[in-house]
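Right, one structure below, let's go through it.
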Amino acid sequence: MLLFLLSTGIFIFRGSLLRHIADKRITRLEQRYGLDISYNKLHMKGLNTISIDGLNVVPQKRDTLLSFQSLNIRIGLWKLLWGDIKIKEVRLDGLSLNFIKKDSTANYDFLFLPSSEVTASNESNISTDYTRRINTTLNLLFGLLPGNGELTHLTITERKDRNFVSFRIPRFVIDDYHFQSEITVLEDSLNQQWNTEGEFNPSERRLHATLHAPQLAVPYIHRRFGAEVQFDSLTCNFSQEKTNNGLTCLVGQSEVRGLQVYHKRLSPETINLDRGQLDFHVNVSPQAVELDSSSLVRFNALTFHPYLKAERIGKSTDKKEWHFIASVRKPWFPSEELFGSLPKGLFENLEGLGTTGQLAYHFLLDVDFSQLDSLKFESELKEKDFRILHYGKTNLGKMSDEFIYTAYENGQPVYTFPVGPSWENFTPLDSISPLLQMSVMQSEDGAFFYHRGFLPDAMREALIHDLEVRKFARGGSTISMQLVKNVFLNRNKNIARKLEEALIVWLIETEHLTPKARMYEVYLNIAEWGPMVYGIHEAASFYFNKRPSQLSLEESIFLASIVPKPKHFKNSFTADGRLQESQEGYFRLIAERLAKKEVITDAQAAQVNINNVVLKGVAKSSFVSESWQ
């Protein structure tokens, strides 16, 4: 009898009870985030349907963020009483969601403010518990997704000053956990029609979705990043799994077809990827997120198993540092899987390259930001019975013979000349002072004649330094890498250049396409030694009125010192034409290296004097200081 009376009371006063709970929650939200939340009508239909008419959410002194005309939600009433939100059906009409930013003021700023009800210590603990965060997100996702519903006249808009992106959905239908919709996308003057469909299963924690359109252009990317991204279809499906060891696992697959990407920092041409696929197995623990090595990446015809892990380590919450691990180990596979899968537009010089044989690749990067000196870096591409059958767009062996070289500055050609006997300034290697040859080599790449294009230890040290100073300050480049950059890639100053550079260096060095001595001869004849000063012949004349064979020890070391920054040679001198005292340490270092190589004696190394560097000719006259007279 008591239960009957209680149930009857709840039924009779359900509307008042609902409004009381809603108004209390609304008041808390308004006070916490500075919002004005209002509705025209809130009531219950039957025992399990909540009906809201005319809801508006307006941040104080901002544009309206959210509004809709009507919303009917059928829920699991008894689950709701126990705090478990389970939405069974949704009917929504006239939703308008607007993210508006004017100058530096946005109507969604409050979303990024910390909650005043969470203490700093608790907030830190929660933010680093990735298992809790992912489970909370997925619980909300699968709890709010209804098995049936219809959403009509939806508009989602992002606007910044005069630019905007708007998604208009006339009708989004969910029928027995299957959904589909057409989406109109407006961006400034761009108009697109997208289609999406999929299905989900809350009890099995599974979701599948596909988005497609003829050459779908991703909005906002161009305005925000200056990039253009298009694709034909994007598919993603995943399921959540729980393990006995407390991990949360996400297992699934994502695939993109007909991908086209353009950004001047990536490549001067549009990058085309026919098919990209990731079969992923992600493990989430309280302190780490891991992409298991059972995951598979498909890149056109190339497949490999990556491993990634990002972990916060440390005893104190506010002193935790990141520890990143990335590795790839791909055993022997046909070389054409790699060279035939390179995206068009990303590796211009390798387009059309034909190869045969087998390759194997190993990569490891292990970075502990709490102790950067422990950084591990390994990268090795092995070959077996490998041969180049034919070159593609570019003759990678062209440096073996005379070829035309063009120097570029800021993407514009500034100087073109043949690298060979037909050029009057060309200097054969045996006509260049051994002191200059060894000085440059000991400064830039002392092991040039012994390595195969790469020095992993040098790259590791450069990476450690770059991470310490938080910028790209060192490159760890060998002479082979500098040569390839200048001969094959001088115009393409972008991220993709480093990848193409590494592959071309590997091909030239592995296949011995150009002898080492000739490579060094080319390097010394095309290197920039000052403003519009190219090649050692011009350099020796510009600075000292000498031929390359006549250069002294100090003059050779000086020329080696300016190779990294050839346009700033004046910075090495004082106003009266003497080398800066700060140069003395460098001179001593190179001299000691030359002595160890027995190019000079220990006595000659000890007598090195920066005052023996006396500029003559054009270099001297380029200084405007009258004290040089």
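Taken together, the values in this text are just the output of simple stated rules run on the coordinates, not laboratory data. All values reported here derive from a predicted model rather than from experimental measurement. Cβ coordinates were reconstructed from backbone atoms using ideal geometry, including for glycine residues, and neighbour counts include every protein chain displayed.
Structure above, values below:
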{"item": "Relative contact order, percent, the chain [alpha-carbon distance under 8 Å, six or more residues apart]", "result": "6 percent"}
{"item": "Partners for residue 330 among aspartates and glutamates (Cα-Cα distance below 14 Å; same-chain residues under 8 apart left out)", "result": "378, 380, 383"}
{"item": "Additional length obtainable on full extension of the chain from residue 89 to residue 111, 0.36 nm per residue less Cα span", "result": "5.2 nm"}
{"item": "Entry for volume of the Cα convex hull per residue in Å³ (calculated from the structure that is shown) out of [x] 169; [y] 225; [z] 159", "result": "[y]"}
{"item": "Packing-based ranking, highest mean first, of 448-461, 87-100 given that Cβ atoms within 10 Å are counted", "result": "87-100, 448-461"}
{"item": "Highest to lowest packing among 280-292, 384-396, 543-555, 518-530, scored as the average C-beta count within 10 Å", "result": "518-530, 543-555, 280-292, 384-396"}
{"item": "Amide H partners (placed H, <5 Å) of residue 179, local residues excluded", "result": "198, 199"}
{"item": "Segment 316-363-segment 212-232 distance, computed between alpha-carbon centres (Å)", "result": "25 Å"}
{"item": "Cα-based reach from residue 319 at 14 Å (exclusive), listing aspartates and glutamates while leaving out same-chain residues under 8 positions away", "result": "311, 368"}
{"item": "Under 25 Å from the Cα of residue 485 - lysines, other chains or at least 8 residues apart", "result": "264, 344, 382, 393, 398, 471, 493, 498, 516, 565, 567"}
{"item": "At 0.692 mPa s and 37 °C, Stokes diffusion of segment 495-623 via Kirkwood alpha-carbon radius, µm² per second", "result": "200 µm²/s"}
{"item": "Selected from 369, 357, 300, residue furthest toward positive end of dipole (the chain; charges at beta carbon)", "result": "369"}
{"item": "Computed E for residue 232/residue 175 - FRET, C-beta separation, R0 35 angstrom, nearest 0.05", "result": "0.85"}
{"item": "Reciprocal mean inverse distance between Cα atoms of segment 141-240 - Kirkwood radius, Å", "result": "14.9 Å"}
{"item": "For segment 405-437 and segment 167-208, distance of Cα centres in Å", "result": "60 Å"}
{"item": "Distant alpha-carbon pairs in segment 250-358 (separation over 20 angstrom), percent", "result": "57 percent"}
{"item": "Normalised contact order of segment 364-515, rounded percent, pairs of Cα under 8 Å and 6 or more residues apart", "result": "24 percent"}
{"item": "When the convex hull of its Cα atoms is projected in every direction, mean area for segment 398-628 (nm²)", "result": "13.2 nm²"}
{"item": "Normalised contact order of segment 398-487, rounded percent, pairs of Cα under 8 Å and 6 or more residues apart", "result": "21 percent"}
{"item": "Segment 398-628, dipole about Cα centre (Lys/Arg Cβ +1, Asp/Glu Cβ -1), debye to the nearest 20", "result": "420 debye"}
